[in-house]
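Single-structure report; data block below.
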Amino acid sequence: MGRQDAPSDVAEPYPLSTLRHSVAHLMASAVEKLHPGVQFGFGPPIEHGFYYDFQLPEPLDAKELKRIEKEMRKIAKKAGGFERKVRSREEAKKVLAERGQSFKVEAVDLIPEEEEITFYSHGDWEDLCEGPHIDRLDRPFHFKLLSVAGAYWRGDEKNPMLQRIYGTAFWTKEALDEHLAWLEKVKEQDHRRLGAELDLFSLHAEAGAGLVFWHPRLGAVRREMETFWWEEHEKRGYEAVYTPHVVREDLFRVSGHLENYAEMMYAPMDIEGIPYRVKPMNCPGHILIFDDRGHSYRELPVRMAELGGCYRYERSGQVHGMMRVRGFTLDDAHIFCRPDQLAEEIAGVIELIRHMVTTFGFEFTAYLATRPEEKSIGADEVWENALAALRDGAKRAGIELELDEGGGAFYGPKIDFKLKDALGREWQTSTIQCDFNLPERFDLTFVDSDGEKKRPIMVHRAVYGSLERFVGVLIEHYGARFPFWLSPTQVAVIPIREEHEDYARKLEERLRSERLRVDLLDAHSHMNKRIRQAKKEKVPFLLVVGDREAEEGTVTVSERGKEEQVSVPFDAFVERVLALRASRGLDLEA
């Protein structure tokens, strides 16, 4: 038995992850104190805090979290230090079984044979754990229990449902308070809350989990995004293709998806005695189009693009609003090129991604994801060649790559782009995947300059990733205050009284003729109420019109985010907003 070494007394003597892991243990001991007989799952630190899973006969609520916090403080005062103990595998199982901790007994079997089986204790409470922990619990630190959620044991819905308590911890109260304020901001900008409040999208249990219904207001945002997407792709030589949602299962056997991706695919359907699958991605379909006729080296690269509907089986506990869904639109494109074109094509995709994501106002970090340890296809040499091409393309495009060891797709390495939103969070969306394997599996060829058949290289790439996820991120990034070109309603026209409605309708007609999205809020209710409605919907421009405006051909403009109103000629306003739309700017100045 050994005690953890204590570092010198500094403001932050251990990493936050170590503190949070220790506070997770402290929380678990308090739960057992208040609820004898509790079964324990796992309790790790996570990005912004920690959690611990429990099996309890009764549901926990916010009031109970307060009781647990109070008990945690009592235990921390007298618990002393963390003690580490090594046990044999047999002894560990015996001790845990005697305590009735069946989940922990199962957890012992998950520990590799070559690793030690370690337990950590504080006071009279002990847990199976690999550590590390802080030296003692009477150090000054600050924590908060945040919420309770359901979680299947080991993430498998066939296993028992446990209760997961989330919390966070910091060394200083100031840091904790700052984090709690940030969490409130996150809650305010949650895309699910804003989606319901602003009539953007809905989810329906009767239709199925993870399936998004886009309402007209968010449909307008999507159309703008699709227009932008197609404009930028057509500039770069991509051609539109469309592939079926359902194809024969054999296609995914050849591609390797059945071997490496089956758990994410829906079960086969029988059509005339032949198994079919709904597609989880578009690449096999694009391969069939490429392979439908012969290609000369002069034709390459061939660039195919599709906004294609795909379906993947996300577990029910992981489905989350628009961020994790089961049916989605993949902004997929594939490039078939010669080896000598590969680095240049990758650089071109990087430039496209950089242009598009920065237009939405995102900063990004690019990660080079290497071969996964468990599931992958292809020879090591093929993977090394693909990695070299990705590095070369990134160098040509002038971007730095962080390493993501083992994060590649099963068929090849990739560059993942993680976007930083206005709340400082990272979201993985855009990706470039270099693939030497699928051309081999499908026996793709082109005729080279020497008259010989050669193997093309395939580049998989996406900018948005999926439209659903990207739009969910956008809603939270902007807090639904979309820039003008994306706004569901760009202009609201508000007549002061009924006699001003004829003039207001003329303005509406002119704006619609310019393909601007406009709402006429007629005088059926008090003007201030209509103004509040438009501001609640975060409309960028409100045009208030009365006698003077109708006589002079002007409008009184109220701009989102500004208190003052200005009177301008209507034609000048139209000229301004058309330039603003064309610029795809982030603010309301063209």
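Label point 7 Å out from R584 along Cα-to-Cβ: which residues of the stretch 322-360 have amide N under 19 Å?
330-334, 347-360
What is the calculated FRET efficiency for M269 to E552, with r their C-beta to C-beta distance and R₀ = 60 Å, to the nearest 0.05?
0.40
Quick one: net charge around I289, please, counting Lys, Arg +1 and Asp, Glu -1 for every other residue with C-beta under 14 Å from its C-beta. Don't jump to the answer; show the numbers that get you there.
Numbers: positive: K279, R293, R303; negative: E239, D291, D292, E299, E306, D332.
Neighbourhood net charge equals -3.
Could you order the peptides 509-522, 401-414 from most to least packed, using the average number of other C-beta atoms within 10 Å per residue? Intermediate values should be presented prior to the final figure.
Numbers: 509-522: 15.6, 401-414: 19.2.
Going from most to least packed, we get 401-414, 509-522.
Among rounded, prolate and oblate, which fits the stretch 220-478 when a ≥ b ≥ c are the square roots of the eigenvalues of its C-alpha gyration tensor, a/c under 1.5 means rounded, and a/b larger than b/c means prolate?
rounded
What is the stretch 273-373 by shape, rounded, prolate or oblate, if you read a ≥ b ≥ c off the alpha carbon gyration tensor as root eigenvalues and call it rounded for a/c under 1.5, prolate for a/b larger than b/c, and oblate otherwise?
Oblate, since a/c reaches 1.5 and b/c is not below a/b.
How do 39-47, 470-478, 527-535, 344-352 rank on mean C-beta neighbours within 10 Å, highest first?
Listed from highest to lowest mean packing, they are 470-478, 344-352, 39-47, 527-535.
If the label point is 7 Å along Cα→Cβ of E499, which residues in the stretch 512-550 have backbone nitrogen under 17 Å from it?
Inside the label zone: 523-524, 527, 545-550.
Tell me, what is the FRET efficiency for E509 and L288 to the nearest 0.05, using R0 = 45 angstrom and their Cβ-Cβ distance as r?
On the way: r = 47 Å, r/R0 = 1.05.
Approximately 0.40, to the nearest 0.05.
Leaving out same-chain residues fewer than 8 places away, which aspartates and glutamates sit with a Cα under 13 Å from that of K93?
E106, D109, D127
Can you tell me how much longer the chain between A572 and V186 gets when fully stretched, taken as 0.36 nm per residue apart minus their C-alpha distance, in nm with one decimal? Write out the running numbers ahead of the final one.
Values: separation 386, 0.36 × 386 = 138.96 nm, distance 3.83 nm.
Difference between extended and current length: 135.1 nm.
If you count, for each residue, the other Cβ atoms within 10 Å and average over each peptide, how do 484-497, 273-286, 189-202, 169-182 line up from highest to lowest?
Working: 484-497: 22.0, 273-286: 19.5, 189-202: 17.9, 169-182: 15.1.
So the peptides 484-497, 273-286, 189-202, 169-182, ranked by packing, come out 484-497, 273-286, 189-202, 169-182.
Can you check what the net charge comes to around Y261, using other residues whose Cβ is under 10 Å from the Cβ of Y261 (Lys, Arg +1; Asp, Glu -1)?
0
Around A343, what is the net charge, scoring Lys/Arg as +1 and Asp/Glu as -1 over all other residues with Cβ under 10 Å from its Cβ? Numbers along the way, then the final one.
On the way: positive: R391, K395, R396; negative: D340, E344, E345, D392.
It works out to a net charge of -1.
So, in nm, how far is label E206 from label E12 when the simple model puts each one 7 Å beyond its Cα toward the Cβ?
Roughly 5.1 nm, to one decimal.
Got a sec? Which residues in the stretch 489-528 would a label at H215 touch, if it sits 7 Å along Cα→Cβ and we count backbone N under 13 Å?
Label zone hits: 489.
Cα gyration tensor of the stretch 2-183, axes a ≥ b ≥ c as square roots of the eigenvalues: rounded (a/c below 1.5), prolate (a/b > b/c) or oblate? Intermediate values should be presented prior to the final figure.
Working: a/c = 1.67, a/b = 1.17, b/c = 1.43.
Oblate shape, in that a/c is at least 1.5 and b/c is the bigger or equal ratio.
Evaluate E = 1/(1 + (r/R0)^6) for D61 and E299, where r is the Cβ-Cβ distance and R0 equals 51 Å; express this FRET efficiency to the nearest 0.05. Numbers along the way, then the final one.
On the way: r = 64 Å, r/R0 = 1.26.
The pair D61/E299 has a calculated efficiency of 0.20.
For Q565 and Q318 in the same chain, what is the full-extension length gain: residue separation times 0.36 nm, less their Cα-Cα distance, in nm?
Values: separation 247, 0.36 × 247 = 88.92 nm, distance 4.63 nm.
Length gained between Q565 and Q318: 84.3 nm.
Laboratory data are not the source of any read-out in this text; all were calculated from the coordinates shown. Keep in mind the model is a prediction, meaning the values are calculated, not measured. Please note: Cβ atoms are built from the backbone with ideal geometry, for glycine as well, and neighbour counts cover all protein chains shown.
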